[in-house]
Amino acid sequence: MSAAPSTTSALPKAAVPFLKIPEHGEPYLEGHRCSACKEVFMEARRACPKCTKIGTLKPEKLANTGKLYNFTVVHRNFPGVKVPFISAIVDLDGGGSLKGNLVDIEPDMSKLKFDMPVKVVFRDAGRQDKAGNKYLAYFFIPA
Amino acid sequence: MTNVYVVGTDMIKFGRFPERTVDDLGAEAALLALADCGLTIADMQAVYCGNLFQASAAVGQRVLKQIGQTGVPVVNTANACATGATAFREGWMAIKAGVYDLVLAVGVEQMGKGLLGGGGGKDDGIPTEGLLGSGTMPSVFAHVGLEHSRKYGTTFEQFAKVSVKNHHHSTLNPKAMYRVETPLEEVMNAEMISYPNTKLMCSVNVDGSAAAVLCSEKKAKELGLMSRAVKVRASALASDPWSKHNLAAMDFNPVTQIAAKTAYEMAGLGPDDIDLVELHDCFATAEIVHYENLGLCKDGDAGRMIDTGETALGGRIPVNVSGGLLSKGHPLGATGIANIYEITTHLRCEAGERQVEGARIGLTHVVGAGSACAVHVLEKV
Ligand SMILES: [Zn+2]
């Protein structure tokens with residue numbers, strides 16, 4: 001196995017499985033909605049964690065807009081992780097909740113408000129795997 | 001079904017013992033608990049051992065190699081921060097079921113320093129800590145606290161007061177890792193880890209062990225052990241049910257509410273009947289939300305509770321008079337049984353300077369990421 005950069009593909013890899021990178025068109029977040037209880041989950045499951053119905057989860061493209069449900073400014077982390085940063089939990093419009101970094105805003109608690117509108121953007125993760133592959137990640141930015 | 005009693009219990013003084021082994025630490029607590037009721041390992045019909053970091057390494061059997069290989073069944077448990085409480089509960093259940101009359105439960109952990117959670121590198125893909133938010137435990141519990149702020153306006157200062165209280169309590173507990181007063185300004189000005197949790201609002205990673213001898217009513221009477229026995233009025237365990245933000249952020253509230261409700265129903269009593277509580281203050285923010293989850297106050301009233309000192313020693317319902325995980329220390333697998341030791345010591349009126357006067361009924365609570373929550377209700381005989 002070669003670790004040379006020449007083995008990397010033209011398209012970046014996705015940082016998480018629910019970030020989809022189509023060959024044509026824009027990247028998007030994929031959720032799975034339960035046809036019985038209508039709840040949305042970020043990953044596929046054999047049955048619905050909420051209502052326990054089997055085989056009811058169907059993939060769907062999630063919204064790129066949402067609201068800031070929760071946040072914290074992280075000042076201490078593992079070596080190599082740049083601090084401070086904002087860890088955010090966002091409720092997407094139409095369903096789906098996920099954690100991510102809120103960027104393009106000062107990591108200052110006084111600048112952050114519960115339920116402030118945010119947008120989902122897709123950018124280079126700034127991290128590569130051992131083979132030198134580039135990764136695309138999702139970020140939240142103030143709307 | 002028989003009543004089940006704690007007849008012997010003890011813990012080692014928590015600390016950092018890198019030169020010792022997990023089995024040696026566990027063995028010390030086991031022998032202390034056996035000596036507390038004048039029994040030996042030869043009297044035990046089964047052993048339940050809680051340990052998380054060496055879950056695949058037969059820690060319970062290794063403890064017996066230190067104190068006596070009697071050939072009895074050994075069950076090793078691993079259940080996040082409810083690991084020790086789960087071992088205790090398995091022993092309780094076996095006696096309830098009539099299988100045994102006398103069992104030993106041991107909890108032990110060797111920790112090392114540093115951040116827990118968040119995950120490191122992977123062989124495939126890239127690490128996501130600090131890229132897709134933060135999964136370290138201080139951050140997870142920062143989100144837990146700020147969710148309470150979101151709902152009720154709870155302040156940084158109110159969260160910090162939990163640390164002031166528990167550090168104060170620990171000065172009265174000779175078995176606590178730290179025994180130092182931390183004034184409010186010191187807590188709030190300590191290094192910020194994940195807002196609002198400063199370094200002094202994070203539990204201490206320590207090594208430690210605790211053990212308990214559980215006994216059926218018939219056997220306790222036969223052995224003349226009832227005078228210092230403490231009855232297990234309830235033992236409840238829950239996993240995290242579905243809730244809206246649980247998969248994105250870890251929600252420790254519903255899992256605790258279920259375990260508490262189950263325990264109160266089993267005990268046939270309510271929060272107003274509880275005289276003292278040892279709850280899972282892995283971070284200062286956690287203690288606040290668990291006041292409400294355990295029904296110690298109405299929803300939204302936890303901030304007022306810490307402001308008025310109701311949960312301090314001498315208050316209406318003292319919480320974590322041991323110093324809690326914040327100052328006594330949090331050796332994961334030992335914590336659940338150390339809580340049992342603390343409550344039992346108060347119900348026996350043997351807690352010295354930190355004694356909760358007239359304590360008759362106490363509650364223990366642990367909850368670990370994943371999630372697992374255990375609640376026990378203990379009663380003076
Ligand atoms: Zn469903």
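The values are calculated or read from the model by the stated rules, or taken from the named source; none is laboratory data. Bear in mind that the values here come from a model prediction, so they are computed numbers and not experimental data. All Cβ positions, even for glycine, are placed from backbone atoms using ideal geometry, and neighbour counts span all protein chains on display. Accessible surface areas use protein heavy atoms only, side chains included; no ligands, DNA or RNA. Shrake-Rupley method; radii C 1.70, N 1.55, O 1.52, S 1.80 Å.
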- Message: Taking 20 Å as the cut-off for C-alpha to C-alpha distance, list the pairs among A:Lys113/B:Lys161; A:Lys99/A:Lys119; A:Lys58/B:Lys244; A:Lys13/A:Lys130 that go past it.
- Response: A:Lys113/B:Lys161
- Query: Taking the Cα centre of chain B as the origin, how large is its charge dipole in debye, to the nearest 20, when only Lys and Arg (+1) and Asp and Glu (-1) carry charge on their Cβ atoms?
  - Reply: 480 debye
- Counting only Cβ distances under 4.7 Å between cysteines, those in the protein assembly as shown with no partner are B:Cys37, B:Cys49, B:Cys81, B:Cys202, B:Cys215, B:Cys282, B:Cys297, B:Cys349, B:Cys373
- Item | Accessible carbon and sulfur surface of region B:75-213 relative to its total accessible area, %, 1.4 Å | 53 percent
- Task: With a cut-off of 18 Å, note down the residues of region B:31-50 whose backbone N falls inside the zone around a label point 7 Å from the Cα of B:Thr2 toward its beta carbon.
- Result: B:34, B:37-48
- Over region A:13-142, equivalent-ellipsoid semi-axes from the Cα gyration tensor in Å: 26, 20, 14
- Task: Mind giving me the FRET efficiency for B:Glu191 and B:Thr21? R0 is 35 Å, r the Cβ-Cβ distance, nearest 0.05 is fine.
- Result: 0.60
- Item | By average C-beta atoms within 10 angstrom, highest first, the peptides B:272-279, B:286-293 | B:286-293, B:272-279
- Query: What's the carbon and sulfur percent of chain A's accessible surface, probe 1.4 angstrom, rounded to a whole number?
  - Reply: 55 percent
- Could you check the simple spin-label distance between B:Cys349 and A:Asp115, using points 7 Å along Cα→Cβ, in nm with one decimal? 5.4 nm
- Loss of accessible area when A meets B, both sides summed, Å² nearest 100, probe 1.4 Å: 3400 Å²
- Ordered by number, the trypsin sites (Lys or Arg not before Pro) in region B:148-252 that occupy a DSSP loop and have at most 14 other Cβ atoms within 10 Å are B:Lys244
- Note on the structure: Summing -39500 (n - 2.57) over every DSSP H run of at least 4 residues in chain B and dividing by its residue count gives a helix-only mean residue ellipticity at 222 nm, to the nearest 500 deg cm²/dmol, of -10500 deg cm²/dmol
- Item | Mean projection area, nm², convex hull over Cα of the protein assembly as shown | 25.9 nm²
- Given just the C-alpha atoms of chain B, how large is their convex hull per residue in cubic angstrom? 133 Å³
- Can you give the percent of C-alpha pairs in region A:49-126 whose distance is more than 22 Å? 36 percent
- Message: In the protein assembly as shown, if the dipole is taken from +1 on Lys/Arg beta carbons and -1 on Asp/Glu beta carbons about the Cα centre, which of B:Gly315, B:Val74, A:Ala63 is farthest to the positive end?
- Response: A:Ala63
- Query: With every protein chain present, what is the per residue accessible area of chain B (1.4 Å probe, Å²)?
  - Reply: 33 Å²
- Query: Over region B:236-291, what number does the Rg to Rh ratio reach, with both radii from the alpha-carbon atoms and Rh per Kirkwood?
  - Reply: 0.99
- Note on the structure: Links exceeding 18 Å between C-alpha atoms in this model, out of A:Lys20/A:Lys53; A:Lys67/A:Lys111; B:Lys231/B:Lys298, come to A:Lys20/A:Lys53; B:Lys231/B:Lys298
- Rounded to whole Å², per residue accessible area for region A:1-95 with a 1.4 Å probe reads 56 Å²
- Query: Taking only the alpha carbons of region B:316-381, what extent do you get along each of the three principal axes, in Å, biggest first?
  - Reply: 37, 23, 21
- Once A:Lys58 and A:Val83 are pulled to full extension, the length gained, defined as 0.36 nm per residue separation minus their Cα-Cα distance, is 5.3 nm
- Note the full-extension length gain between B:Lys65 and B:Glu357 as 0.36 nm times their separation in residues minus their Cα-Cα distance, in nm to one decimal. 101.1 nm
- In whole Hz, what ³J(HN,Hα) sequence does region B:211-225 give by Karplus (6.51, -1.76, 1.60; θ = phi - 60°), x for Gly and Pro? 8, 9, 9, 9, 8, 6, 4, 4, 5, 4, 5, 4, 8, x, 9
